[in-house]
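A quick write-up on the structure given underneath.
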Amino acid sequence: MKKKVLSALLSVAMVATLLVGCGGSNQPAPADTAAPADTQEAAPADTQAAAPAEGSMHFEIVSKGFQHQYWQAVYKGAQNKSKELGVTMNFVGPNSESDIADQVQMLNNAINANPSAIGLAALDTSACLDAITAAQNAGIPIVGFDSGVPGAPEGAIVANAATDNYAAGELAAEEAYKLIEDKLAAGTRIGVLSQDATSESIVNRGLGFVDKIAALVADKGLTVNVEGNEKFVSDTKATKTEGADVVIEVLVPSQVTSELSSIDCQTLLNKKDTICIYGSNQHSAEAMVTANENIGRLGKDVVGVGFDSGAVIKAAVADGTLAGAITQAPVAMGEAVIDLLYKAANGESVSDVDTGCQWFTAENMNNEEIAQNLYD
């Protein structure tokens with residue numbers, strides 16, 4: 001009998017030892033690091049992130065993706081500001097901006113981590129509503145960034161850190177005007193390529209350009225008319241004049257494809273009175289480069305102005321095909337997100353922040369301040 005009892009006690013001790021050993025290998029990753037871009041994936045549905053140490057300030061940031069350097073630049077800014085403020089953060093995002101379900105799971109994991117605050121750039125606000133409500137109920141403030149969280153319940157998003165797209169479009173117009181002022185005369189045309197007429201950010205970039213360039217042309221004593229896409233024609237602030245000296249023509253493809261956008265640009269390039277074309281995002285600016293391959297007017301008698309970065313746009317700016325382009329400031333955006341999260345977690349009043357934009361050309365694109373915001 002004694003032998004049986006002794007044997008049982010030894011078995012219990014061995015099981016306990018095994019359990020301790022297994023627990024030691026399941027430690028959470030450091031909170032202030034993110035996985036490489038090609039390994040960011042949604043966690044399993046039953047996974048719960050480890051809560052931060054009591055008394056520390058920890059943020060969870062859920063981006064739209066990790067598929068290109070733009071998000072890496074946002075992450076860099078968030079890292080910098082986190083170290084400055086002495087806080088920790090976990091920055092994640094799906095492999096593709098079409099992986100909505102993955103992002104929703106990441107947001108749920110972020111809430112389960114019980115952070116001080118959450119940063120969110122939503123791929124689909126409607127898909128995130130349950131998670132956003134859960135964060136509200138838990139008293140976790142949410143700060144939107146990049147495109148933010150449009151359509152979120154009132155009070156759910158305490159502030160947004162994003163580019164003022166209308167102001168960015170205005171900056172593109174100001175820089176373009178400097179390059180075409182001497183060419184402006186009766187019978188000239190300025191083209192605007194927009195990927196679509198539905199996305200708020202894209203429309204604002206286009207309207208900012210149209211309104212500003214129209215005002216500058218008017219200041220020169222020339223009349224203006226805005227033609228083309230109905231959305232832009234109806235929403236512009238420009239005074240429209242039939243038979244105007246200068247025509248601003250806005251083209252939007254029937255579907256968002258590179259081929260259709262290139263055809264739109266070819267249409268503008270084939271009009272002899274065109275002196276300038278503006279592409280209001282990466283898609284449209286790249287279509288300009290493609291369209292110019294067989295026509296060859298950009299960088300010669302037509303000034304090309306783009307928006308965003310990317311390898312194609314950077315190369316076109318470097319070789320003079322495009323006179324320049326507007327880039328957002330993702331590093332500054334990352335810094336602003338952490339700053340807003342920090343203030344919100346401390347109960348301070350916060351408001352939206354314009355994270356700015358920059359005009360880059362072949363002459364300044366290698367400057368450190370500009371180069372850190374140029375992505376492939």
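The values are calculated or read from the model by the stated rules, or taken from the named source; none is laboratory data. Worth saying up front: this structure is predicted, and the values here are computed from it rather than measured. Cβ: placed from backbone, ideal geometry, glycine included. Neighbour counts: every protein chain shown. Remember, those area values only see protein heavy atoms, side chains included, never the ligands or the DNA or RNA. Shrake-Rupley method; radii C 1.70, N 1.55, O 1.52, S 1.80 Å.
General remarks:
- Residues located in the stretch 129-151, provided they are farther than 25 Å from Val331 by Cβ and either in contact with a helix residue (DSSP H, G or I) (Cβ under 6 Å, 6 or more places away or on another chain) or assigned to a loop (DSSP other than H, G, I, E, B) (or both): Ala131, Ala134, Ala135, Ala138, Gly139, Ile140, Gly151
- Residues being open to solvent by less than 70 Å² (accessible area, probe 1.4 Å), small (Gly, Ala, Ser) and in contact (Cβ under 8 Å) with a residue 12 or more places away in the chain - total across the stretch 347-376: 2
- Filtered residues of the stretch 144-161 (kept if modelled with pLDDT of 95 or more and either closer than 21 Å to Ala325 by Cβ or open to solvent by 30 Å² or more (accessible area, probe 1.4 Å) (or both)): Ile157, Val158, Asn160
- Qualifying position, being small (Gly, Ala, Ser) and at pLDDT 95 or above, among Ala371, Ala345, Ala329: Ala345
- Among residues that are closer than 25 Å to Ala325 by Cβ and among the small types (Gly, Ala, Ser), Ala238 is included.
- Residue in the stretch 291-302 that is within 19 Å of Val210 (Cα to Cα) and open to solvent by less than 40 Å² (accessible area, probe 1.4 Å) present: yes
- Residue that is farthest from Glu249 (Cα to Cα), among those in the stretch 211-227 that are buried (at least 18 other Cβ atoms within 10 Å of the Cβ) and aliphatic (A, V, I, L, M): Leu216
- Cβ pairs under 7 Å, 6+ apart, first in the stretch 118-129 and under 9 Å from Ile100 (Cβ atoms), second of a type in the set (Lys, Arg) and open to solvent by 20 Å² or more (accessible area, probe 1.4 Å): Leu123/Lys64
- Which numbered condition Gly208 misses (of (1) crowded, with 18+ Cβ neighbours inside 10 Å; (2) of a type in the set (Gly, Ala, Ser); (3) part of a loop (DSSP other than H, G, I, E, B); (4) in contact (Cβ under 8 Å) with a residue 24 or more places away in the chain): (3)
- If you filter the stretch 320-346 down to residues that are within 20 Å of Val289 (Cβ to Cβ) and polar (S, T, N, Q), you find that the one that is least open to solvent (accessible area, probe 1.4 Å) is Thr327.
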